[in-house]
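Every number in this text was worked out from the coordinates using simple rules, so none of it is lab data. Here the structure is a predicted model, which is why all the values come from computation and not from measurement. FYI the Cβ positions are ideal-geometry reconstructions off the backbone, even for glycines, and counts take in every protein chain you see.
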Amino acid sequence: MIRYTAWSFAITDVILNAALLGTFLFAAAILPASAQEKPKIRTITAFIRLDTTQYPQQFAETIAMLRNAKARYELAGYEVETIRISTQPFPEYTKGMSREAALALFKDLDAIGKKENVSICIGPALMTENDDMGKAQLLAEALSQSSTLFGSVVVASSDGVHWKAVHAAADAMKYLEDHSQNGLGNFHFAAIANVPAYTPFYPASFHQGLGHQFAIALESANVVAAVMAVQRDPEVTQQALVAELGMHARAIEDIAGKIDQETGWTYMGLDLSPAPMKEASIGSATAGFTGGRFGTSGTLTAIATITSALRDISVTKVGYNGVMMPVLEDTRLAQLWGEGALSMDQLLAYSSVCGTGLDTIPLPGDVSAAQLARIIGDVASLSAKLSKPLSARLLPVPGAKAGDMTAFDDPNLVNTVIQPLP
């Protein structure tokens, strides 16, 4: 049975300074990986089994561990973008609560997230077709009232497509369009298909175990771009990616193993997906390989080559481990989308060789729930057919129509022109 130390929720400077002193001593034995391009760490995600009777202590202990881990990585030369906490699916710990009580709990969790600058994923509202579909509506309400919470709905798993959940996810997206500022609540929500537990990436993250575990996600489109800037045949490119990204992955995993041994938090693995961020673009990375823009002939081969390299890197893996193509988080993809040179069908085709689905896709505000369900259904059907993790994070923009420019006031998003629905 896991025992949680009764830390004060307001983590003191004394604790942090002591943690940092230990970090310096620890880091002296760790040689930073050396390369021209280093990946960032998108997130260190901790997994807890939330107990409604003691969650303040749980979060205090977890945040202390995450901040210590962040400091260790940064001393080794790896910038950490975020720290995050994921729970078991929230219907498990809100069972028996009234709607009002559950929303009050989520409000408390959001307050913790804001105060401590940590994102919190409350897990899927629906795991099976037999679940209470009303939980998807409860999730949508919670996300519409928060800024640090994330969640999802499982729309496909090993038993096939969950069609009731597909429609529930579509309804949740329409609710979030109508009940969050500029529809940005949908940035915190995804329909997920065959995504395994312990993925560190949001909004798909969840677990169903005992908790007291952590995983790492990379932001390594820059490393991929540096390798693919030199034109080679696919096999040589794959070997170069394995060598370069593998060097960093092993260094990052080595530090994770030390954190595991010293803290008692179990290291679950690394999601090697080369997540982009604005100018660190996966859209630009493939251009070195193909000699043309993202979407021209050879793009699918480039994505398959990256995916094969990820599979050949010998580290413990969790999550997607595929090429991420988030339109609004990648400057080049956003530009191509705005020009009408990139489509959802293209992105789905690339997902067949281990992209991760449809991510941050801007849509006209008058898209119907039925149209959203068809898009989500395509992602779920492809996932079920190929037994691979995919997700759909769609952002209908309230009041906007095809041809309008998005106006998201979010540092993580690139604005672009909304395209008509096919």
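Take the Cα of Q239, step 7 Å toward its Cβ, do the same at Q208, and the gap between the two points is 4.2 nm. With each label modelled as a point 7 angstrom along the Cα→C-beta vector, the Q145-R311 pair spans 4.5 nm. One chain, two ends: D132 and E81. Fully extended at 0.36 nm per residue, the span grows by 14.8 nm beyond their Cα-Cα distance. Mean projection of the Cα convex hull over all viewing directions, computed for the chain: 19.0 nm². Of V236, V155, V80, the sequence from fewest to most neighbouring Cβ atoms within 10 angstrom is V236, V80, V155.
The residue list Q181, Q208, G288 was ranked by how far each Cα lies along the charge dipole of the chain toward its positive end, using unit charges on Cβ atoms, and Q208 comes out on top. The stretch between R374 and E339, if pulled fully straight at 0.36 nm per residue, gains 10.2 nm over its current Cα-Cα span.
Among the DSSP helices (H) of the chain, those spanning at least 15 angstrom by Cα along their long axis with an average Kyte-Doolittle hydropathy of 0.5 or more are 13-27, 299-312, 369-386; this is a geometric and hydropathy rule only. Only aspartates and glutamates eight or more places from K401 in sequence, or on another chain, were considered; those with a Cα closer than 17 Å are E177, D178, E339, D366. For a straight C-alpha distance cut-off of 16 angstrom, the aspartates and glutamates reachable from K107 (same-chain residues fewer than eight places away being disregarded) are D51, E116, E141. Taken about its Cα centre, the chain carries a charge dipole of about 360 debye when Lys and Arg each add +1 at the Cβ and Asp and Glu each add -1 at the Cβ. Between S297 and L386, the C-beta separation translates, for a Förster distance of 22 Å, into a calculated FRET efficiency of about 0.50. Mean sequence separation of contacting Cα pairs (under 8 Å, at least six apart), scaled by the length of the chain, corresponds to a relative contact order of 16 percent.
Less than 26 Å apart at the alpha-carbon level, and either on another chain or at least 8 residues along: which lysines does that give for K258? List returned: K38, K40, K70, K317. One decimal place: the segment T53-Q261 gains 72.1 nm when fully extended, by the rule 0.36 nm per residue minus the C-alpha distance.
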